[in-house]
Amino acid sequence: MTSYFIRRLLLIIPTFIGVTILVFTLTRLVPGGPIERMLSEAALAGADETATTSYDSQGGSTLSDAQLEDLKAYYGFDKPVVVSYFEWLGKVLVLDLGRSTRYSDPVWNTITDRLPVSIFYGVWALILTYGVCIPLGIYKAIRHKTAFDNLTSALVFAGYAIPNYVVALLLLTIFSANLEWFPLGGFVSDDFDELSGFEKIGDVSIHAVLPLIAYTLGGFAFYTILMKNSLMDNLAAEYVRTAVAKGMDFRRAIFGHAFRNSLIPIATGFGNNISLILTGSFLIETIFNIDGIGLLGFESLVERDYPVVMGILVVSSILFLIGNILSDICVALVDPRVKFGSGDAGQ
Amino acid sequence: MPILEIDQLSIAFDTEGDVVTVVDRVSFDLEAGETLGVVGESGCGKSVTALSIMGLLPKPAGRIQGGDVRFKGESLPSLAPERMRDIRGNRIAMIFQEPMTALNPVHRVGRQLAETYTLHQGELSADVVHRRCLGLLEQVGIPAPEQRLSEYPHQLSGGMRQRVMIAMALASKPDILIADEPTTALDVTIQAQILELLRDLQRETGMAIIFITHDLGVIAELCSRVVVMYAGRMAEQAGIEPLFAHPVHPYTRGLLASIPRLEDTPKTLLTTIPGVVPSIEELPSGCRFANRCPYVKDLCSREAPELVSASPGHRVACHRWREAEAGTLENWGS
């Protein structure tokens, strides 16, 4: 088993190189980029009086050829893509992700500045999703086909069917704009720094309520129904009958025997949540004006801020690859039949 | 007094908008220490009868419709759930057909074995329980028991798993063991070993066994008395020798005639009972075997035969039992 996970960890390296090569090459192929952006900015600035005339980004009359070459050299566009990729990779290895072409800040700082916000929402979304779905799924399985079961099914499927940005807008309109129960957006209030410790916690919490609901509502259906069906399958299994035949009461048979077996399908996806923490949802972040990684990634793509795009890709692809391994570990933890790598006594 | 009395037991299942009686007024007794065979084909109600004794009918679809099950004179269906849990797995234990799925795949064998003790003898220390579990595995003939206790079910063979199930059932020295086709899923040599084991264990512990099977050969090897069931009703009940020597009910005769024998002419067709069991939704009002019976007469399709005593200890439900008893019915298949 250990050798299996070592092999999986080593496999991260070629996968990572593959993913980054692909995206790096794409950034060279797609039209637009930092130089074109600068040219257009310069053209706009220089053509203030003659704003009606269109500019030609290729023929850029506002910059001299020498200046253009300097810019290309500055961004590494003067070299072939393979060379600049490996230059970039070499810097990544010493944790230098370059500078943002938009803010001129180091990419690493740009990302880590927003990381706490994204991790905060990611972790709470995770806790909320599993904390609601597992108990709800269990209860629904035991109360199968009762009014409670039908009603909650309707609710979670409604949440699943409505796109999360619609939920976000609805929540914002009803609870913030009309009822004024919650703030209109942001991660904290403007006067956050002047608040005392407890007030700070309260402030962050009240800002988090609506975005968290918008984040998690759509996922409830999947995990709740997965948990319910999985538990019902196991409740009908023969080993539960064996447990009851031993003289066990039904409740203990559920939690002592059926529960762990029904966690197996849930555990399969657990590790992947680690990458959800980072990706977030730029739509929800935009609506609630939260400065997280999702929004940063989206904006840097639109603005062709490639160092930031690549930096987010580095962090998220590594997290995703580790997440996959974590899922495997989770499955192996709950299901003793799973033996990775060794040929003996498998499934 | 018999240790277990099944008295006019009827069991009903709810199907789509309908109630179906799957077991109809079944009555038999079990004496302490004896082995009673219950034989019949799939769907005849033998397993459902066994489950109802344990109070394990699938809920909410199945329920006892009428009659009673008495254990040492005490009516089991009317017991409070807590009291029933004291009996279940403690005084009456059960083993099932599929040892592959009857054990929890994610718990170690030792933990599943120990559970019977923690449920019924909570006062025992962990140390004592561990030693008893070891003893049980030895008793059911599992080599290297110490190692097996820390293994998971998927690491054991089918025969081993059934031995673990038997060990689990024996843990609290039950008065009755209900074995629901325990050897059906095993291959023939393992089957013989498990039967041998059950016989030895019965001799050691003096427990009574209800052995449910569709295999008359197994019945002959293990049981002292037999109940033959057909389509939810009892067809015949007799001691093992009278039943095999002088079967009265046409269904029993058909079953016995269908067993291939060594002295049969090779490469000829096997004897079978023609026709199929009537579906549970369309049971005839008369004798349920009427559509397949070579001795059928008008009365059979009009009126269901009552279970009557043909001779002491020999009961049969057939309108023509007197002729069969007197030997004036022609042989099966001739």
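The values are calculated or read from the model by the stated rules, or taken from the named source; none is laboratory data. Everything quoted here is computed from the prediction, not taken from an experiment. So basically every Cβ, Gly included, is an ideal-geometry build from the backbone, and we count neighbours across all protein chains shown.
Scanning segment B:94-109 for residues that are more than 7 Å from chain A (Cβ to nearest Cβ) and either within 22 Å of A:ILE264 (Cα to Cα) or among the β-branched types (Val, Ile, Thr) (or both) yields B:ILE95, B:PRO99, B:MET100, B:HIS107, B:ARG108, B:VAL109. Filtering segment B:254-284 to residues that are among the acidic types (Asp, Glu) and assigned to a loop (DSSP other than H, G, I, E, B) leaves B:GLU263, B:ASP264. Residues of segment B:1-23 that are more than 24 Å from B:GLU74 (Cβ to Cβ) and touching a Ser or Thr at 6+ places or on another chain (Cβ under 7 Å): B:THR21 alone.
Yes or no, residue by residue, for (1) within 11 Å of another protein chain (Cβ to nearest Cβ); (2) touching a Phe, Trp or Tyr at 6+ places or on another chain (Cβ under 9 Å); (3) under 30 Å from B:LEU103 (Cα atoms):
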{"position": "A:ALA177", "(1), (2), (3)": "no, no, no"}
{"position": "A:VAL204", "(1), (2), (3)": "no, yes, no"}
{"position": "A:LEU210", "(1), (2), (3)": "no, yes, no"}
{"position": "A:PHE222", "(1), (2), (3)": "no, yes, yes"}
{"position": "A:ALA237", "(1), (2), (3)": "yes, no, yes"}
{"position": "A:LYS246", "(1), (2), (3)": "yes, no, yes"}
{"position": "A:GLY271", "(1), (2), (3)": "no, no, yes"}
{"position": "A:ILE284", "(1), (2), (3)": "no, yes, no"}
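Looking across B:VAL140, B:VAL129, one residue alone is more than 9 Å from chain A (Cβ to nearest Cβ), crowded, with 21+ Cβ neighbours inside 10 Å and over 17 Å from B:ALA50 (Cα atoms). It is B:VAL140. Residues in segment A:248-266 that are in contact (Cβ under 8 Å) with a residue 24 or more places away in the chain, within 11 Å of another protein chain (Cβ to nearest Cβ) and surrounded by fewer than 21 Cβ atoms within 10 Å (Cβ to Cβ): 3 in all. Listed by position, the helices (runs of 4 or more DSSP H) enclosed by segment B:80-147 that each have at least 1 residues that are free of Cβ contacts under 8 Å to residues at least 24 places away in the same chain and within 21 Å of B:ARG161 (Cα to Cα) are B:99-102, B:109-120, B:126-139.
Residues in segment B:83-93 that are facing chain A (nearest Cβ under 9 Å) and not hydrophobic (A, V, I, L, M, F, W, C): B:ARG85, B:ASP86, B:ARG88, B:GLY89, B:ASN90. Looking across B:GLU82, B:GLU41, one residue alone is modelled with pLDDT of 90 or more and of a type outside the set (Ser, Thr, Tyr). It is B:GLU82. Of all residues in segment B:208-225, those being in contact (Cβ under 8 Å) with a residue 60 or more places away in the chain and over 14 Å from B:ALA179 (Cβ atoms) number 3.
Note on segment B:31-56: residues that are more than 14 Å from every other protein chain (Cβ to nearest Cβ) and out of contact with any Lys or Arg (no Cβ under 9 Å at 6 or more places or on another chain) total 7. Candidates A:THR242, A:THR216, A:THR224: the one that is crowded, with 17+ Cβ neighbours inside 10 Å, at pLDDT below 90 and of a type outside the set (Phe, Trp, Tyr) is A:THR216. Is it true that some residue in segment B:231-240 is touching a residue at least 40 places away in the same chain (Cβ under 8 Å) and within 20 Å of B:GLY135 (Cβ to Cβ)? The answer is no; no qualifying residue exists. Can you tell me how many residues within segment A:140-160 are surrounded by fewer than 18 Cβ atoms within 10 Å (Cβ to Cβ) and touching a helix residue (DSSP H, G or I) at 6+ places or on another chain (Cβ under 8 Å)? Total meeting the criteria: 8. Beta carbons closer than 7 Å, at least 6 apart along the sequence or on distinct chains, pair a first residue in segment A:101-120 that is farther than 12 Å from A:GLY294 by Cβ and touching a residue at least 60 places away in the same chain (Cβ under 8 Å) with a second that is in a loop (DSSP other than H, G, I, E, B) and of a type in the set (D, E, K, R) for A:THR101/A:ASP305; A:ARG102/A:GLU303; A:ARG102/A:ASP305. Would you point out the residue of segment B:296-309, among those that are closer than 17 Å to B:ALA238 by Cβ and in contact with a Lys or Arg (Cβ under 8 Å, 6 or more places away or on another chain), that is surrounded by the most Cβ atoms within 10 Å (Cβ to Cβ)? Restricting to residues being closer than 17 Å to B:ALA238 by Cβ and in contact with a Lys or Arg (Cβ under 8 Å, 6 or more places away or on another chain), the top hit is B:LEU307.
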